[in-house]
Amino acid sequence: MEDTVKETYRAMEEAIVSLAKAGASLGLVNHLRTMAQVAIEDSRLDLALLNVRAAIEWGQKVGTANLETLQEMEARLMATVGVPFRSVVEECEVLKDQVRRLLRRAARKRMLEGKLNPDLRFEYEVTAREFETIVEPATVCEDLELFSLEREVVAGRMVIELRANATPVTVPSIASVAKRLELTTLERDVLVTAMMPAISEDFLRAYMRVWGDYLKREPDVAFLSTLVALNEAEEREARLSLEVDSKLVMLRMLTLHAPEGRDGCQALRKAVRVAPWLVRLALGHPQPARHTFRFSDIASKVATVAADALPALNPIKTFLGAEGAGLLVLYGVERQALESAVLAASAGRPVLGVDFTTSSEDSSGDEVWEACGEAKGFGGVLVLDASEALEGNKDRVARAASAVVSWGQKAILLVTEDPERLPIGHIPSKAVRVETPDMKEQTRVWEVMLGDKKPKRPDALYEVATRYPLSLAAIVRAALLVLQGGAEVTGEVLLDAARSQMPVRSVRLSQRVPPGFTWEDLVLPDEVLVALNEIVTYHRYREQVFDKWGFRRKLPYGRALSALFHGPSGTGKTMAASVLASEFKVPLFQVNLASIISKYVGETEKNLAMVFDDAARSKAMLLFDEADSLFARRTTGSTAIDRYSNLEVNFLLQRMEEYDGLVVLTTNQESLIDSAFKRRIRFKVHFPAPDAALREELWRSMLRGVGAMTKQIDYAALASRYELCGGAIKNAVLRAAFQAAEEGSPITMGHLLKAAIREYKESGHLVRERDAAR
Ligand SMILES: Nc1ncnc2c1ncn2[C@@H]1O[C@H](COP(=O)(O)OP(=O)(O)OP(=O)(O)O)[C@@H](O)[C@H]1O
Ligand SMILES: [Mg+2]
């Protein structure tokens, strides 16, 4: 059946050729119309439309009376053929078909040139000029097979064009990317043909067959430009779209590489590679790959909710709405506040860009270009995020900003520093300061988000906002979590959700102590546990006592929650601090005081200020080890150095006093610490070396639940014989476990004794002969 249809086409095409030779005639118009009707019956609506259009064109020349019916037919066909793409996946299938047509045509051409299957002969001897006038674009063609293949290509282009135009730009698609970037038909074709081998192996194989090289894995410039072009003019245009200064290459949608092992090859042989974001899009990911923000997925929600809660919003909106290139510098201390402002102002448009924390030095030029292309392609807002990576990167950031503007693009630069100090003076830019949203603004966003689901208690929202100051985007996320949870929204539920959104930012010059220990893990004398409990109580009721009961006025200072943990090494000081941090649900950061003390005037204060500033932002609990290194040195201030060290001490005390969270100082040498300081610290907890009973408990606790262990363990003996601290007992247990593992046996009393002796020796004790012999 199909063959008969094909035969009919051929016969008619031959007829058209002879009619066309004779010049415009009614006969030709009628023939084209008949061909259109046959094509409709064959469900080839694209070819039908092509023929109807040709018939109209010829009809206008010869002045046929039937133009109206032809135009009606055209309109009907357009309505059926030119339907919008529903998704990028559907579009991609259509584009694949088109590339298949291009490939068939290229294969046929190569065959005709004798480069492919030379034994195949022409079936038709028809000369070029006879076709030229029939179908646009004018095709130099000597082969009827090739001719009809090219007509298929033209029909395919036409349909793609129609459908792309019908597709709204809001539907993520290659068509919308092409529209936003104002690509020409050929530029789009070049992009699509370059993309196919990256999307499917089948295409790669087909390409290899057509170009006749099975080693090359990427199409080159010459191949792509002949593949997409139907004539010489098109080929020139396609070549130009692959030049280094073309739009596609400038914006790194396509990159040109020397194929492997062929450095400095000529321009035509350069391999063409497609930007990963385009491949992703073509594979059906409707979101930009280059999202820089944590809250991108709720951007439109943030935009609707925060619309009136942010004063900085209007200048940002104006900037985004304006025509032309430009740079807007947003600065403020809180990265997330900056993020919220951008998301809110971008009103649901995707926000994407370059994050200088993660991007690498050498690739940044390419990266910025590519980000520009992706932002444009998605109709997104381009952000250069240097909010956490300005230090040491200033020139790079400035270069990127300057590049974006000079390429006629628009970007928002995020920094946490006054832009006056950035080397961007030469770039026309505007700066807007973004304040961290205050309590009122935060409460409002909570209110808007929760609506009638908000807790009955009137001050519940205010309490969340004070306890966990969040950016607007973070509040939106937290509130969404609460609402999705479906449970009744109580103050507790809100606090939990808010806490989950607190950014854990690192504190410079310190290490995070990973959480994990619980009260059950702590083996301590009762009086230590009581003291720790007192700290918990103080923390829990601090607000109530000072704020609600009015003690703040009576005690203008001395309210800070500071503690000194002193005792031998390995007695659980760090561990106890970590349990407290878990109890308060805050991250714990450990600073070695000795390491941040500097002999340079003013440096120690700077270091301390940095630590406290960072800690305040992440609401962290701070643990200063080796407190004696600073506090033991208080003197009468007779020499210059001493005076400075007193300044440092006073500075630390003052920052501790102002600090909202808990600060714990630890020392192994309490006796060295000046008593004047001890008075200023609210809680002093002594962690003694454990006695025999506690040691037994420590051994038991560390071995509890360990499966690979013999039953006969004499805990009392281990405890009474070796005066070890918790830390040493933990080490001994680990040592025994590894020893046993190596021997392929369970942990025995022998292993434990041996390990205990080793620990005992290492802690500087003498060991009795009898024990050492074990
Ligand atoms: N009281 C204890 N209860 C349970 N385990 C303990 C105890 N003390 C120490 N450990 C174990 O020893 C390890 C080391 O203890 P930790 O780091 O808390 O000691 P520290 O008092 O901070 O010592 P340093 O003064 O050297 O910093 C802990 O991780 C824990 O496994
Ligand atoms: Mg410690």
Counted residues in region 96-123 being modelled with pLDDT under 75 and either open to solvent by 90 Å² or more (accessible area, probe 1.4 Å) or of a type outside the set (A, V, I, L, M) (or both) come to 9
Pairs only if they're at least six apart or on different chains, beta carbon under 6 angstrom, first in region 56-82 and part of a helix (DSSP H, G or I), second open to solvent by 60 Å² or more (accessible area, probe 1.4 Å); list them, first residue then second. 62/26
Exactly one of these conditions fails for residue 126: (1) buried (at least 20 other Cβ atoms within 10 Å of the Cβ); (2) at pLDDT below 80. Give me its number. (1)
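Looking at 538, 600, can you tell me which residue is more than 13 Å from ligand 2 (Cβ to nearest atom) and open to solvent by 70 Å² or more (accessible area, probe 1.4 Å)?
Details: 538 fails: open to solvent by 70 Å² or more (accessible area, probe 1.4 Å).
Testing whether each residue is more than 13 Å from ligand 2 (Cβ to nearest atom) and open to solvent by 70 Å² or more (accessible area, probe 1.4 Å) leaves just 600.
May I ask you to list the residues in region 25-52 that are outside any helix (DSSP H, G or I) and buried (at least 18 other Cβ atoms within 10 Å of the Cβ)? Can you show your working first?
First, the residues of region 25-52 that are outside any helix (DSSP H, G or I): 25, 42-44.
The one that is outside any helix (DSSP H, G or I) and buried (at least 18 other Cβ atoms within 10 Å of the Cβ): 44.
What do you reckon, is residue 593 of a type outside the set (Ser, Thr, Tyr), in contact with an Asp or Glu (Cβ under 9 Å, 6 or more places away or on another chain), more than 16 Å from ligand 2 (Cβ to nearest atom) and outside the structural domain of residue 763 (by TED's automatic domain parsing)? Don't jump to the end; show me each part of the working.
Details: of a type outside the set (Ser, Thr, Tyr): yes; in contact with an Asp or Glu (Cβ under 9 Å, 6 or more places away or on another chain): yes; more than 16 Å from ligand 2 (Cβ to nearest atom): no; outside the structural domain of residue 763 (by TED's automatic domain parsing): yes.
The answer is no for residue 593.
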Which of the residues that make up region 323-348 are part of a loop (DSSP other than H, G, I, E, B), touching a strand residue (DSSP E or B) at 6+ places or on another chain (Cβ under 8 Å) and open to solvent by 10 Å² or more (accessible area, probe 1.4 Å)? 324, 325
Among residues of region 56-95, those that are open to solvent by less than 30 Å² (accessible area, probe 1.4 Å) and either of a type in the set (Gly, Ala, Ser) or within 41 Å of the chain's Cα centre (by Cα) (or both), counted: 8
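Looking at 530, 545, 586 in this structure, which one is away from ligand 2 (no atom under 16 Å from the Cβ) and in a loop (DSSP other than H, G, I, E, B)?
Working: 530 fails: in a loop (DSSP other than H, G, I, E, B); 545 fails: in a loop (DSSP other than H, G, I, E, B).
Checking each option against the conditions leaves just 586.
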Which residue pairs have Cβ atoms closer than 6 Å, lie 6 or more positions apart in sequence or on different chains, and pair a first residue in region 566-590 that is in the same structural domain as residue 668 (by TED's automatic domain parsing) and open to solvent by 20 Å² or more (accessible area, probe 1.4 Å) with a second residue that is within 13 Å of ligand 2 (Cβ to nearest atom) and in a helix (DSSP H, G or I)? 570/726; 570/727
In this structure, is residue 666 within 16 Å of ligand 1 (Cβ to nearest atom) and of a type in the set (Ser, Thr, Tyr)? yes
Taking into account only those residues within region 697-716 that are open to solvent by 20 Å² or more (accessible area, probe 1.4 Å) and among the aliphatic types (A, V, I, L, M), which is nearest to ligand 2 (Cβ to nearest atom)? 702
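For (1) within 12 Å of ligand 1 (Cβ to nearest atom); (2) touching a Leu at 6+ places or on another chain (Cβ under 6 Å), each residue gets a yes or a no:
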| residue | (1), (2) |
| --- | --- |
| 566 | yes, no |
| 600 | no, no |
| 604 | no, no |
| 613 | no, no |
| 616 | no, no |
| 619 | no, no |
| 628 | yes, yes |
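Among the candidates 719, 736, 741, 728, single out the residue that is farther than 25 Å from residue 527 by Cα and buried (at least 20 other Cβ atoms within 10 Å of the Cβ).
Values: 719 fails: farther than 25 Å from residue 527 by Cα; 741 fails: buried (at least 20 other Cβ atoms within 10 Å of the Cβ); 728 fails: farther than 25 Å from residue 527 by Cα.
None of the others qualify; the one that does is 736.
The values are calculated or read from the model by the stated rules, or taken from the named source; none is laboratory data. Treat the numbers as computed from the prediction; the structure is a model and nothing was measured. Here Cβ is always computed from backbone atoms with ideal geometry, including for glycine, and neighbour counts include all displayed protein chains. To get the accessible areas, we keep the full protein, side chains included, count just its heavy atoms, and leave off ligands, DNA and RNA. Shrake-Rupley method; radii C 1.70, N 1.55, O 1.52, S 1.80 Å.
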